[in-house]
1. So B:Met214 clears everything in (1) over 20 Å from B:Thr53 (Cα atoms); (2) away from every other protein chain (no Cβ under 14 Å); (3) touching a Ser or Thr at 6+ places or on another chain (Cβ under 6 Å) except one condition, right? Which one?
2. Pick out the one residue from C:His248, C:His220 that is more than 8 Å from chain B (Cβ to nearest Cβ), buried (at least 24 other Cβ atoms within 10 Å of the Cβ) and either at pLDDT below 90 or more than 18 Å from the chain's Cα centre (by Cα) (or both).
3. If I filter region B:139-151 down to residues being touching a residue at least 40 places away in the same chain (Cβ under 8 Å) and part of a loop (DSSP other than H, G, I, E, B), which single residue comes out as nearest to B:Met170 (Cα to Cα)?
4. Do the conditions hold for C:Arg199, that is, is it within 28 Å of B:His250 (Cα to Cα), of a type in the set (Lys, Arg) and within 14 Å of chain B (Cβ to nearest Cβ)?
5. Only one of (1) within 14 Å of chain C (Cβ to nearest Cβ); (2) buried (at least 21 other Cβ atoms within 10 Å of the Cβ); (3) of a type in the set (Lys, Arg) is not met by A:Arg183, so which one is it?
6. State all residues of region B:175-195 that are in contact with a Gly (Cβ under 8 Å, 6 or more places away or on another chain), within 13 Å of chain C (Cβ to nearest Cβ) and closer than 13 Å to B:Pro105 by Cα; if no residue qualifies, say none.
7. Considering only residues that are basic (Lys, Arg) and facing chain A (nearest Cβ under 7 Å), which ones fall in region C:145-161?
8. Would you confirm, using the coordinates I've provided, whether C:Leu105 is facing chain A (nearest Cβ under 7 Å), touching a residue at least 24 places away in the same chain (Cβ under 8 Å) and among the aliphatic types (A, V, I, L, M)?
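The values are calculated or read from the model by the stated rules, or taken from the named source; none is laboratory data. From a predicted model like this one, the values you see are computed outputs, not experimental measurements. In this analysis, Cβ positions are derived from the backbone assuming ideal geometry, glycine residues included, and neighbour counts consider all displayed protein chains.
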Amino acid sequence: MSSVAPEQVVDQTVVNDGSADRESIWAKAVYKLRRDRLGMIGLSVVLLYFIVALGVWLGIWATQWGDVEGPKWAPMSSEYWFGTNIIGQDIFARAIYSTKTAFEVGLVVAVLSTIIGALLGALAGFFSGTWIDEIILWFKGVLDSIPFYLFVAAVAFALSGNPYAMHIAMVSTFWTTTGRLVRGEVIKLKNFEFVEAARAIGVPQVTIIFRHILPNTFHILLVQATIVFVAAIKSEVILSFLGLGVQDGVSWGLMIAESTQEVLAGFFSNFVWASVFLFGLVMAFNMFSDALQDALDPRKVASE
Amino acid sequence: MSSGHTAPLLSVRNLVVEFSTRYGPVRAVDDISFDVYPNETVGIVGESGCGKTVTGLTLLRLIPMPPGRIVQGSIEFDGRDLTKLSEKDLQEMRGSDISMIFQEPMTALNPVFSVGNQMIDVLRRHKNLTRGQARELAINMLDTVGIPAPRKRIDEYPHQMSGGMRQRVMIAMALSCGPKLLIADEPTTALDVTTQAQVMEQIVKLQDEFHMSMILVTHDLGVVAESCDRAIVMYCGNIIETAAIDDLFHKPQHPYTRGLLDSIPRIREERITELPIIRGMVPDLLHLPDGCRFADRCPRATAECRQDKPVVKIDPVTGNGVACYHPMG
Amino acid sequence: MSTLLKVVDLKKYFPVRGGMFHRVVAHVKAVDGVSFELKKGRTLGLVGESGCGKSTLGRAVLRLHEPTSGQIILNGDDLMTLDRQALTAHRRQMQIIFQDPYASLSPRRTIAQTIQEPLDVHKIGTPREREKKVEELLDVVGLRKQVLSRYPHEFSGGQRQRIGIARSLALNPNFIVADEPVSALDVSVQSQVLNLIARLQREHGISFLFISHDLAVIQHVSDDVGVMYLGRLVELASADDLYRQPRHPYTKALMSAIPVPDPNKKSKRIILSGDVPSPMNPPPGCPFHTRCPDAMPRCKEALPPRINVGSEDRPHFVDCHLFAEESAT
């Protein structure tokens with residue numbers, strides 16, 4: 001005795017948005033992220049650094065980072081909060097300025113390597129098994145097998161003088177991890193029925209990649225971008241030791257590199273403060289990145 | 001069907017299982033009570049979200065707690081309340097007194113261990129056997145469940161076997177210690193129809209041999225009709241009907257049961273143009289209506305139905321029960 | 001009644017690579033020589049168990065899987081001979097509905113975008129006209145237009161299936177492949193969607209190739225039915241004839257295996273022995289002979305011929321040696 005109602009009656013209401021498993025991966029992620037205390041602390045610290053960097057970039061503060069006007073090795077005082085370095089520059093100003101450098105390096109490298117990794121990874125994954133995939137994989141393999149610092153040195157030498165030599169070198173090697181992850185995800189996604197549906201409609205392949213497949217890898221890309229950001233900053237420190245770091249301006253890496261002599265003479269201020277600033281950003285970003293990864297992981301059991 | 005003279009093997013009373021979600025608590029099982037007697041097969045039927053799987057898993061306390069928890073209720077088995085047992089006591093019981101088989105044999109069996117390894121593991125955990133003795137017993141079990149060349153197969157890995165065979169291995173494992181009660185959670189849903197027939201036949205045969213009771217959790221009314229003595233119909237976490245199998249299929253009392261039976265495509269003498277349907281959709285567990293949860297979709301609903309939720313009323317003569325103010329038939 | 005689609009000896013083999021140099025070591029013969037005709041406005045049901053190749057066949061007919069050989073003649077044009085551009089143009093006539101409502105809609109696109117995409121790709125009408133068409137389509141499948149800006153995850157399985165159906169209708173195709181469209185849905189929702197599909201066929205005259213493992217569903221929707229086993233069609237007849245008098249031993253076993261939701265009708269089961277052979281290594285001769293209760297020596301040696309046990313204008317094809325003898329005399 002069930003009623004045979006017209007279809008129209010059946011679906012008058014859309015399912016409640018409030019239903020527990022009817023949420024997008026992003027909404028769920030935001031919720032989980034906000035409840036992750038360490039992650040939120042990390043994020044706040046990163047934002048703080050970002051504001052500092054923004055101020056430097058806008059010329060609001062630390063403009064006198066390069067001025068050689070103070071006495072050499074002045075102790076910490078109200079005039080020079082962190083003291084001065086060997087040639088009399090204000091360590092505090094330099095440390096603040098370096099925040100901008102760090103973000104610059106980090107963001108440029110993270111964004112570019114993520115874009116390149118996403119594109120090449122998507123192509124390799126979508127055409128997996130064909131020559132396109134083979135070439136990209138070969139390329140990736142070659143880059144991965146060159147020791148990073150050798151490669152950077154070679155690139156820096158080849159582009160000597162170019163202030164972006166370091167960035168180019170970093171982007172050329174950091175894209176491979178993102179590429180590998182995206183390739184794996186795309187291989188999985190391309191067998192999903194919504195991709196078949198697009199082909200059945202007649203959507204051209206390249207459009208399928210960009211419209212249907214890549215947007216479903218954004219959660220991977222985001223996490224990878226944060227990881228690369230940190231890796232770039234840390235690499236820059238070592239590159240500065242090799243003289244291949246930033247050429248114009250100052251960075252924490254450069255400060256630390258410069259301070260080796262000072263430390264030998266017993267003056268730690270330069271070294272300590274640059275390290276503290278560096279450590280702070282890296283640690284905070286790592287905490288945020290971990291929390292982000294947990295929040296976006298679709299398989300994590302919610303222990304709420 | 002036993003009624004009243006023998007004591008039930010399993011007795012569930014007022015069971016409530018709740019899950020905490022970010023939108024608030026959700027009661028997957030909302031105050032259910034039922035019995036299972038020795039040597040009988042009880043089906044728990046319903047669609048997705050009705051709470052039947054949670055019920056099956058809760059009996060063995062296999063629900064992760066948190067986020068789930070047993071808010072109230074008791075599960076009496078063999079004189080003990082399972083809700084109050086320690087994890088250690090429960091583990092001793094699982095596999096030897098009460099066993100469970102699941103829907104997906106590929107994920108229920110560990111892919112990196114051979115079949116024999118896993119069976120021997122279970123056997124030695126519950127019985128005092130040497131490895132050799134356990135292996136012989138395992139080979140015997142494989143033969144009993146109809147796996148050809150068991151002496152060879154026992155060393156194979158799950159991926160080397162077909163779905164039907166894996167399921168039979170799982171049954172062999174579940175029965176190897178001679179449990180009194182077997183809980184089967186959609187055991188044949190993932191299998192082909194012809195394999196399903198083989199496996200169900202096997203299960204019923206073994207049940208007879210081992211004098212076991214079985215709780216069969218499924219959405220497939222056909223399987224229930226063929227293998228159960230009684231069935232319980234669940235909807236939105238409640239039991240809405242319980243009846244002997246013949247009564248349930250030929251004289252269903254609850255409009256939902258009736259609607260379900262009518263709307264299942266089945267092979268008919270004459271083709272029909274339009275299938276009867278149950279209009280509307282299952283309500284969201286987070287936004288349950290007051291009163292009867294089926295009222296919105298029920299052609300017989302009245303104001304009374306929407307106000308107070310009906311409870312199961314058992315007929316003392318037949319033993320059948322229905323939660324409805326306007327039962328049919 | 002004219003023929004809309006004629007498939008001749010379609011084959012789809014998947015290469016299996018192995019060894020150190022990724023060489024092709026074997027082939028999975030998913031579709032191994034299938035021929036049939038689909039008339040305008042009729043539904044051909046394709047039934048079989050997992051691994052029989054029905055889903056592959058459905059996709060091969062649309063050239064979503066590139067067939068290894070064979071002909072696919074749609075409205076007079078052999079799809080196999082078309083180049084990419086011409087094929088894309090032909091796609092307007094043939095569409096597909098998928099099984100999995102959770103994987104068949106692009107998660108990061110609103111349903112408006114999803115349903116409109118076919119119109120955009122083929123540049124049909126102005127943008128405003130396309131929007132209107134999308135609204136119409138939503139109406140046809142029973143959804144309100146207010147939901148246009150929502151994403152797939154906000155809908156239930158049954159609703160997503162409706163969205164998929166709306167998408168498949170956008171280009172006004174003559175022919176739709178429905179690949180297990182209701183298998184993943186709850187029983188009470190299945191009948192709703194089946195009714196929708198039947199109505200669409202009546203009102204729009206679309207021909208369907210309806211793929212399913214569920215014999216009851218197939219009976220409900222099909223005019224003609226083909227039974228597949230291990231990549232081949234073993235029986236092909238009108239639905240009435242097939243269900244009243246199945247001829248092929250496999251069809252008979254399949255029908256007897258279905259659990260009937262009626263406890264009194266315990267069918268006499270034909271239990272098949274053994275497992276389905278691997279499509280990588282199909283047995284010689286008739287693929288079914290390893291499990292066939294009526295196998296003869298000849299079945300191992302040669303592929304059975306296609307015999308028409310019906311009449312000229314109401315054919316009933318069986319691929320079986322049992323009937324070859326009869327017709328030979």
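1. So B:Met214 meets the others, but not (1).
2. C:His248
3. B:Val145
4. No; evaluated as a whole, the condition is false for this residue.
5. With respect to (1) within 14 Å of chain C (Cβ to nearest Cβ); (2) buried (at least 21 other Cβ atoms within 10 Å of the Cβ); (3) of a type in the set (Lys, Arg), A:Arg183 is out only on (1).
6. Hits for region B:175-195 are B:Ala190, B:Leu191.
7. Selection gives C:Arg150 alone.
8. yes
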